[in-house]
Each structure stands twice: as C-alpha cells, then as structure tokens.
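A.B. asks: Here it is: the structure, laid out below.
The values are calculated or read from the model by the stated rules, or taken from the named source; none is laboratory data. Predicted model only: the values in this text are computed from it and were never measured. Cβ coordinates were reconstructed from backbone atoms using ideal geometry, including for glycine residues, and neighbour counts include every protein chain displayed. These accessible areas exclude ligands, DNA and RNA; they are computed on the full protein's heavy atoms, side chains included. Shrake-Rupley method; radii C 1.70, N 1.55, O 1.52, S 1.80 Å.
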Amino acid sequence: DFEISESVNPDSDRFLPQAVSDFRQAMVQLFGPAAASCPVMFCHKQLVSTSPTVVGSSEEVLAYLKDHPELMQELAISSIDTEGLGFVADGTDGKGLKFEKHFHMMPGEKCVVYRQTGWDTMGCTQP
C-alpha cells in the first residue's frame with residue numbers, strides 16, 4: 001500500500017529537502033557516523049475515503065449533524081455539544097479497542113467533519 005523510494009527523494013514538495021537533510025543529521029547524531037551511509041526510505045500512502053463529509057461554519061455543521069443522526073452514526077460521532085461547540089467521536093483503533101475523543105471547534109470557523117480511517121477510525125474535524 002505504501003509507495004517507497006530508497007535514497008532518492010521522489011517528491012521534494014512532499015519531502016522537503018531541508019527536512020531530509022535535518023533527518024539525516026539527526027540520525028548521525030543519534031546513531032553515530034555509520035548512520036550517514038544508511039539510505040533514507042521515502043514512504044507515502046494515500047488513503048481514499050468514501051465516507052461523506054459535512055462542510056460549513058462550525059455552528060452550521062454541528063446543527064446539520066444534530067438533525068441527521070444516521071449521518072452521525074456513519075461518521076462515528078456519538079454526540080453533539082452545540083453549546084460547547086464540539087462533538088464526541090466514537091473511535092476504534094487497529095486492535096479493535098473502543099475509545100472516545102472530544103473535539104472542540106472555533107465559533108464561526110469554516111470546517112469539515114469527516115470519518116478518519118487508518119489505524120484509528122473515528123469522526124474527525126479540520127478547519
């Protein structure tokens with residue numbers, strides 16, 4: 001699932017040259033001069049989500065979700081706190097363990113709420 005490139009930076013926009021240089025320097029500082037001869041592995045994985053998203057101001061998004069409980073369930077959101085401007089996500093980690101995570105949003109801020117998938121699966125938000 002991962003795109004892996006050994007030693008050659010395949011995308012300097014994704015893997016900034018300064019960051020690569022700093023990483024190599026940190027490895028030498030941590031593991032000694034022999035680390036300078038070890039290749040850097042450039043790895044990337046792109047996930048495609050088929051889950052719906054809700055976009056708008058934080059207040060609009062929360063109101064919409066509150067009015068659509070089936071969508072909340074699909075996005076792994078257990079409850080909405082409109083007064084506290086946030087929600088509680090029902091999460092599941094890669095081992096199948098359940099957890100809750102509280103998300104708080106900024107008043108009037110444009111945001112997106114979506115279902116994050118990966119090691120953790122849960123409702124999530126980004127400004």
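Let's see how each residue does on (1) touching a strand residue (DSSP E or B) at 6+ places or on another chain (Cβ under 9 Å); (2) at pLDDT 95 or above:
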residue	(1), (2)
1	no, no
28	no, yes
70	no, yes
74	yes, yes
86	yes, yes
104	yes, yes
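A.B. asks: For the stretch 30-51, give me each residue that is modelled with pLDDT of 95 or more and outside any helix (DSSP H, G or I).
C.D. replies: 32, 38, 39, 40, 41, 42, 43
A.B. asks: Of all residues in the stretch 57-78, which are outside any helix (DSSP H, G or I), in contact with a Lys or Arg (Cβ under 9 Å, 6 or more places away or on another chain) and open to solvent by 20 Å² or more (accessible area, probe 1.4 Å)?
C.D. replies: 57 - this is the single residue of the stretch 57-78 that is outside any helix (DSSP H, G or I), in contact with a Lys or Arg (Cβ under 9 Å, 6 or more places away or on another chain) and open to solvent by 20 Å² or more (accessible area, probe 1.4 Å).
A.B. asks: I want to confirm something. Restricting to the stretch 1-36 and keeping residues that are within 30 Å of residue 74 (Cβ to Cβ) and not hydrophobic (A, V, I, L, M, F, W, C), which single residue is least open to solvent (accessible area, probe 1.4 Å)?
C.D. replies: In this case the residue turns out to be 3.
A.B. asks: Separate question: Would you check if residue 39 is in contact with an Asp or Glu (Cβ under 9 Å, 6 or more places away or on another chain) and surrounded by fewer than 14 Cβ atoms within 10 Å (Cβ to Cβ)?
C.D. replies: yes
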